Each structure stands twice: as structure tokens, then as C-alpha cells.
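Here the structure comes first, spelled out in C-alpha cells, and everything after it is commentary.
The values are calculated or read from the model by the stated rules, or taken from the named source; none is laboratory data. Bear in mind the structure is a predicted one, so any value in this text is a computation, not a measurement. Counting neighbours? That spans all protein chains shown, and the Cβs are built from the backbone with ideal geometry, glycine included.
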Amino acid sequence: ILNVEQSPQSLHVQEGDSTNFTCSFPSSNFYALHWYRWETAKSPEALFVMTLNGDEKKKGRISATLNTKEGYSYLYIKGSQPEDSATYLCAFCPADSNYQLIWGAGTKLIIKP
Amino acid sequence: NAGVTQTPKFRVLKTGQSMTLLCAQDMNHEYMYWYRQDPGMGLRLIHYSVGEGTTAKGEVPDGYNVSRLKKQNFLLGLESAAPSQTSVYFCASSYSSWAGDEQFFGPGTRLTVL
């Protein structure tokens, strides 16, 4: 059974501080890795889709890196703001899965003003 | 553009009752998905569709049926609801099946089975 682990489960960060969290996935048979942001009472929204080892993507203060050989991706948030409070989901797509995503349980980020 | 919409937003059923959840998208996406989300777990794929008239089983299909009669709609049916089907159900769509395509999600349906 393929497993996607996200750590930590939850995180409290002071406004203005930078933070990062991890998504771990099987290192073999990699096809793609997705990151989504899920705000309370809203739908998950895509942040990044990464397909190549060494990929780095950036959107404003949020960036992500990908290491397919060791099976992890980091999501970084620089200078956290209250609007960054959300659950961040990652999803792994193995090459032989009919492109079905396997989702982690998420990291819940709470920004303290 | 409404994106992906789901009906209803909330529902309470008694064990053994049936219901249908409706998902609609206006982005002309080929692929549509039904997920369930349970506390402490990742989204789990119930069924998906690769185009009008086609459906396929996902990770947790038992107790559910689906239909995709029109490209823009994807219906999820529970024939005889069980308490284990208490969950939040999300519909999603994507332009294609390529793993690099992001999925667009609906707002979710919170279902409670008593």
C-alpha cells in the first residue's frame, strides 16, 4: 500500500515568521507531486504541480522543492501572514496508477497574530 | 464561471436510505472524481470518470455507484446508506488525466448517516 506522510500534523507559527513542512512519498515509480491549500469552509486549491527531480516552484511567499530520489517535498512559507492559515495537502501520483492521486492527511497551519 | 458545484451541501440520512449527490462543472473538463474525506486521513478516491459515459472504481468504491451521462455532471449514489459512509464528500475535475493537471474541487457535501 502506497503511503503519503505529511509532517507535522499541525503547526502554530507567529505572524511574520517563516516556516516549512514536509511531504514524504515512495521514491520509486514517481510521476508527479501536487500541493494544495485548503482554507476552512472552502475547497482545496492547487498551489503547485511538480514533476521533475530538483523542481523548485514559487508563488508569492510560498515555494516548494522536490526530491524524487529520496521521496520528499518541502513547502516553505516566508513571512507568514494570517491569510496563510489553512491545511496544506500534498498528493503523490505513481507512474502506474492510472494517474490517480494518493493524498496525505495534511499539515494544518495556524498563524498567530 | 461557477467552477465545480455540489448539491446538496449538507444531508442527514437514516441507515438504509438512499441519496444522490450531484456534481457539476462548467470548465469543459474531461476527468471528474469523487473523494471522501475523513478526520485524520487523506482524501480517498471513490470513483472517477475519464469522459462522458465512462466510470471507473477508485480506492474505496464499495457502497457507492456513479454515473456520467453528461460531460458536465457526475453523480454519486448511495443505495443503502450506512453509518460508515458518514463523511465529507468532494467532487473534483481536471482537464485531462495527466498527472501534471491540477484538480479543481467543489465545496463539499457533509453527509451524516444515523
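Numbers below:
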read-out: Qualifying residue in region B:42-49 (condition: in contact with an Asp or Glu (Cβ under 9 Å, 6 or more places away or on another chain), within 30 Å of A:Met50 (Cβ to Cβ) and facing chain A (nearest Cβ under 9 Å)); value: yes
read-out: Considering residues of region B:65-114 that are within 8 Å of another protein chain (Cβ to nearest Cβ) and of a type in the set (S, T, N, Q) only, the residue farthest from A:Tyr31 (Cα to Cα); value: B:Gln103
read-out: Condition check for A:Pro26: farther than 25 Å from B:Glu59 by Cβ and in contact with a Pro (Cβ under 9 Å, 6 or more places away or on another chain); value: no
read-out: Residues (at pLDDT 95 or above, small (Gly, Ala, Ser) and within 14 Å of the chain's Cα centre (by Cα)) located in region A:1-36; value: A:Ser7, A:Ser10, A:Ser24
read-out: Among residues of region B:60-92, those that are free of Cβ contacts under 8 Å to residues at least 60 places away in the same chain and farther than 16 Å from B:Met32 by Cβ, counted; value: 8
